[in-house]
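Chemist: Okay, here's the structure, questions in a sec.
Throughout, read-outs are computed from the coordinates displayed, never taken from laboratory work. Predicted model, so just to flag it, every value in this text is computed and none were measured. Cβ placement follows ideal geometry from the backbone for every residue including glycine, while neighbour counts extend to all protein chains displayed.
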Amino acid sequence: MSESIDWVASGASPFFFASVQVGLEREHGLTHLFISHSMPLVRYLSTRIAVMERGRLVEIGEAEAICSAPQMPYTQRLLAATPELPATSAAAE
């Protein structure tokens, strides 16, 4: 069953999927784990971010701090590969 849900969700716009997740979190008080290389999407969805490189946790902290002043080279490379980041995190609103 989860494979079919993943397949259906994979066809949706990432930002549409994100808005559904944020709505569920706000309405039902849910917490979610979101895995992505898309830093704008991660920042939009998250109040806290954990960055992993090759299966190892390399940086963890508040979304705003990680995105505005990343400490680790891998996090810096992920952010540099992003054309632009949204101004605020929806999860923090």
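Chemist: Label-point separation (nm) for residue 31 and residue 52, each offset 7 Å from Cα along Cα-to-Cβ?
Modeler: 1.7
Chemist: Here is a further query. What is the distance, in nm, between label points placed 7 Å from the Cα along the Cα-to-Cβ direction at residue 38 and at residue 62?
Modeler: Calculated label separation equals 2.6 nm.
Chemist: Another one. Take each of the peptides 35-44, 68-77, 20-29, average the number of other beta-carbon atoms within 10 Å over its residues, and list them starting from the highest. Working shown, then result.
Modeler: Numbers: 35-44: 17.3, 68-77: 13.8, 20-29: 12.2.
Per-residue mean Cβ counts within 10 Å order the peptides as 35-44, 68-77, 20-29.
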